[in-house]
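Contents: one structure, followed by commentary.
The values are calculated or read from the model by the stated rules, or taken from the named source; none is laboratory data. Here the structure is a predicted model, which means the values were calculated and not measured. Ideal geometry is used to build each Cβ from the backbone, glycine not excepted, and the neighbour counts take in all protein chains shown. For accessibility, only protein heavy atoms count, side chains too; no ligands or nucleic acids. Shrake-Rupley method; radii C 1.70, N 1.55, O 1.52, S 1.80 Å.
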Amino acid sequence: MQTKLLTVDPVKDTDIVQGLASKTRIDILYLLRKNGPQNVNEIAEKMGLPQSTVATNIKTLEKAGLVETQTMKAKKGNQKICSAAYGEIYIRFDDDKNTSDNDRVVVSMPIGLFTEFDVGAPCGMCSVERVVGVLDVPNVFLDPQRMQAALLWFTRGHVEYKFPNNAMVTGRQPKRLEITAELSSETPETNSEWPSDISVWINGFNVGTWTSPGDFGDRRGLYSPGWWKLEGSQYGQLKTWVIDENGTWVDGKKISAQTINTLEIMDHHSVRFRIGVDENAANPGGVNIFGRGFGDHDQDITMTLHF
């Protein structure tokens, strides 16, 4: 299952913000999302607007990358077929957890801001206030309310995030990449002796696996909200994958030979971070990912690039 999501920095992505700053253009996007690809004349007819007005606004949306167009043959000449490029657009105001200096850039990613997923039940998400949608239904991972997720879990599969590639922005090859997240295994009613092989992929490359010892529910997590049932997963262990020029490490232990130089960091506009349970895992014990407001560590997933 996939959903195409765009994350917008309102300072850097001014073309996109300007593209959205019009009720007419918003209505065009709604129309294309609801009815699928349309030509300019069809859009104009359904919206009751002049063809020239629609064409001008389509040009603005196309420039912003919000609408994709394709020229096709028509009965007379050619026609431009328009489609919405994204199903969801998220404008993000980064907080002070996203920092940078000459030697490193740190980005904090909310755990609900995944851009692709394939998960199996039992699974679910909740915010610091309530359960998101319905439990044990994988399609709920498409719910826009996932943006507020502070805890998510699944027993098989993965979620994937796109981090901004600040290495490409600065034009410098990073020497080290670090990913930190609070994690545990996942099983109904929790079990501290329930191992799970949790794997991480960067840009499609498997960089190594850490085996979580269990799903912890012997006490309430330091930040887990009071309404969350005590029988549910309460906290995890804070783990950091370190990928440098010599290999990949977790807690100082080398877990794979994958190096920073093999991850094609400078070839992509984003750094794709995938986490989950490999289909061939020896211990397929599921995953809990704890974000801000849940577990023992009040943080989301963080990625640090060292130069």
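In this structure, the amide hydrogen of I255, modeled 1.01 Å from its nitrogen in the peptide plane, lies closer than 5 angstrom to those of T248, W249, V250, counting only residues at least 5 positions away or on a different chain. Note on the chain: with a GNM built from Cα contacts shorter than 10 Å, the maximum mean-square fluctuation among T24, T209, T190 falls on T24.
Accessible surface for the stretch 168-307, divided over its residues, is 43 Å² per residue with a 1.4 Å probe.
Comparing L263, T240, L32 along the charge dipole axis of the chain, the residue lying farthest to the positive side is L32, per the Cβ-charge model. A full extension of the chain between A55 and D244 corresponds to an added length of 63.1 nm, given 0.36 nm per residue minus the alpha carbon distance. Measure nothing fancy, just the Cα-based angle from helix 23-35's long axis to the longest principal axis of the chain, in degrees from 0 to 90, nearest 10. Its long axis makes an angle of about 70 degrees. Of the listed pairs K59/K80; K12/K34; K12/K80; K23/K162; K80/K162; K34/K73, which have alpha-carbon separations greater than 19 Å here? Long pairs (Cα-Cα over 19 Å): K12/K34; K12/K80; K23/K162; K80/K162; K34/K73. The 3J(HN,Hα) values that the Karplus relation (6.51, -1.76, 1.60; θ = phi - 60°) gives for the stretch 76-85 are, in residue order, 10, x, 10, 9, 9, 9, 10, 9, 6, 7 Hz. Gly and Pro appear as x. Between V169 and H268, the simple spin-label model (points 7 angstrom out along Cα→Cβ) gives 1.7 nm.
Candidates M168, I89, F154 compared by Cα position along the dipole of the chain: farthest toward the positive end lies I89, with charges placed on Cβ.
Quick check: the angle from helix 51-63's long axis to the longest principal axis of the chain, C-alpha only, nearest 10 degrees? Between the helix axis and the principal axis of the chain, the angle is about 30 degrees.
Between T211 and E45, the simple spin-label model (points 7 angstrom out along Cα→Cβ) gives 6.4 nm.
If only the Cβ of Lys and Arg carry +1 and only the Cβ of Asp and Glu carry -1, the dipole of the chain around its Cα centre is close to 1380 debye. What the phi angles of the stretch 16-22 give under the Karplus curve with 6.51, -1.76 and 1.60, with θ = phi - 60°, is a coupling list of 5, 4, 5, x, 8, 7, 7 Hz, glycine and proline written as x. Short-range pairs are left out: with C-alpha atoms under 8 Å and at least six residues apart, the relative contact order of the chain is 20 percent. Computed from label points 7 Å out along Cα-Cβ, the spacing between Q79 and T24 is 2.1 nm.
Which cross-chain or sequence-distant (5 or more) residues have an amide H under 5 Å from the amide H of T209, H modelled 1.01 Å from N in plane? The list, which skips near neighbours in sequence, is empty: none. In order along the stretch 140-156, the phi-based Karplus estimate (6.51 cos²θ - 1.76 cosθ + 1.60, θ = phi - 60°) of 3J(HN,Hα) comes to 5, 5, 8, 4, x, 5, 4, 4, 8, 4, 10, 8, 9, 8, 7, 9, 8 Hz; Gly and Pro are listed as x.
At 1.4 Å probe size, with the rest of the protein present, what percent of the exposed accessible area of the chain is carbon and sulfur atoms? Roughly 48 percent of what the probe reaches on the chain is carbon or sulfur. Close amide H partners of A150, meaning residues 5 or more places away or on another chain with modelled amide H under 5 Å apart, are C126, S127, V128.
Full extension of the segment from L135 to N283, taken as 0.36 nm per residue of separation minus the current Cα-Cα distance, would add 50.9 nm. If R0 is 45 Å, the Cβ-Cβ spacing of M72 and S192 corresponds to a FRET efficiency of close to 0.15.
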